[in-house]
Ligand SMILES: [Zn+2]
């Protein structure tokens, strides 16, 4: 058998439970099977003893602007590969580079660099977190809920060419996701158009009423971006996006679980309503992630990072400086089980992107995208498509 690797002695996080120490066989980049340690292992080499580490499905970050000094709006292909490698050291095996509103030329440069990464990764020369496509956060969003996005680049949807002007990635099996506000001029027609093109639509940076949100749902929107952040807060006489999202079981959402964007008690409240089946974790990380406190030039302005909190010149929070690993740790500390965290950090994002047939959980036949954590929830091993992307195993 080509490219077989046996992982022994790992607690394996499945979708509904975590196993006793067991074995996992990887063949041809995929999980061949999970089996009890008492069973005889098939002959394979090499064997990696995980010594009781906990093996999660690789995390999938669908909303990330940068890390390790790399910003998706400025990055070259080599920069993005550096970022992909940083992500793999932090347990991320797939990601969606996320763009903030910019000029068409700015978008073109960013998408060109992402295309370069996808080409390099498709020929397997680089083992880093896989860039799955592109996430446009805007430009069709609400002026009144800009957060840290720059209003001067916001657009409305008047005609098809407004979508055509956004650069896309050429390959098959590529993901295009857009966060938009359905209440902007032409918003519902825009969702219809994107749905026709098989883009994934997420509602965010919005002040939409329930009536408009219902129309957005009819048009194909099924997800909400950084739920509760950059949307009208809940009001008892105006449920808005928060009330609508909490009460609509057919809608999923994602959360920035850094304890700054959302108070831990609010994280619990959302989880109680949506359950771990309908929540994805995102980082919404910016280029300063992994670099510590300080002042950074990002998106044409100075962003200050202080005690893990970001702030732009207007005093707005400007993204996070966490990784998916931090978000996973946060949810574990709030009482989510390992399986629930695996759902939120891997399976649900994979489902949203319609990639759950190939990744998002540890199951026979799926890609071997795996991360092993120790008792302190530090990453000790990351495997992407059966290849070791990062290794720091205890001796
Ligand atoms: Zn963002």
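The values are calculated or read from the model by the stated rules, or taken from the named source; none is laboratory data. Remember, it's a predicted structure, so these values are computed and weren't measured experimentally. Virtual Cβ from ideal backbone geometry, glycine too; neighbours counted across all protein chains shown.
Assorted remarks:
- Against the list (1) buried (at least 17 other Cβ atoms within 10 Å of the Cβ); (2) free of Cβ contacts under 8 Å to residues at least 60 places away in the same chain; (3) not in a loop (DSSP other than H, G, I, E, B), the condition residue 119 fails is (1).
- Residue 182 in a strand (DSSP E or B) and free of Cβ contacts under 8 Å to residues at least 40 places away in the same chain: no
- For segment 122-144, a tally of residues being within 21 Å of residue 313 (Cα to Cα) and more than 15 Å from the ligand (Cβ to nearest atom) returns 2.
- Being within 16 Å of the ligand (Cβ to nearest atom) and either in contact (Cβ under 8 Å) with a residue 24 or more places away in the chain or surrounded by 19 or more Cβ atoms within 10 Å (Cβ to Cβ) (or both) is not true of residue 167.
- The listed residue being surrounded by fewer than 21 Cβ atoms within 10 Å (Cβ to Cβ), at pLDDT 95 or above, away from the ligand (no atom under 16 Å from the Cβ) and under 21 Å from the mean Cα position of the chain (by Cα), out of 68, 32: 68
- Residue check, residue 147 buried (at least 23 other Cβ atoms within 10 Å of the Cβ) and either within 16 Å of the ligand (Cβ to nearest atom) or not assigned by TED's automatic domain parsing to the domain that holds residue 98 (or both): no
- Any hit, segment 194-204, residues being assigned to a loop (DSSP other than H, G, I, E, B), more than 16 Å from the ligand (Cβ to nearest atom), in contact (Cβ under 8 Å) with a residue 40 or more places away in the chain and more than 20 Å from residue 249 (Cα to Cα): no
- Of all the listed residues (94, 75, 10, 32), the sole one being in the same structural domain as residue 154 (by TED's automatic domain parsing), touching a strand residue (DSSP E or B) at 6+ places or on another chain (Cβ under 9 Å) and part of a strand (DSSP E or B) is 94.
- Selection count where residues are at negative phi, surrounded by fewer than 19 Cβ atoms within 10 Å (Cβ to Cβ) and either within 16 Å of the ligand (Cβ to nearest atom) or free of Cβ contacts under 8 Å to residues at least 24 places away in the same chain (or both), scope segment 243-285: 5
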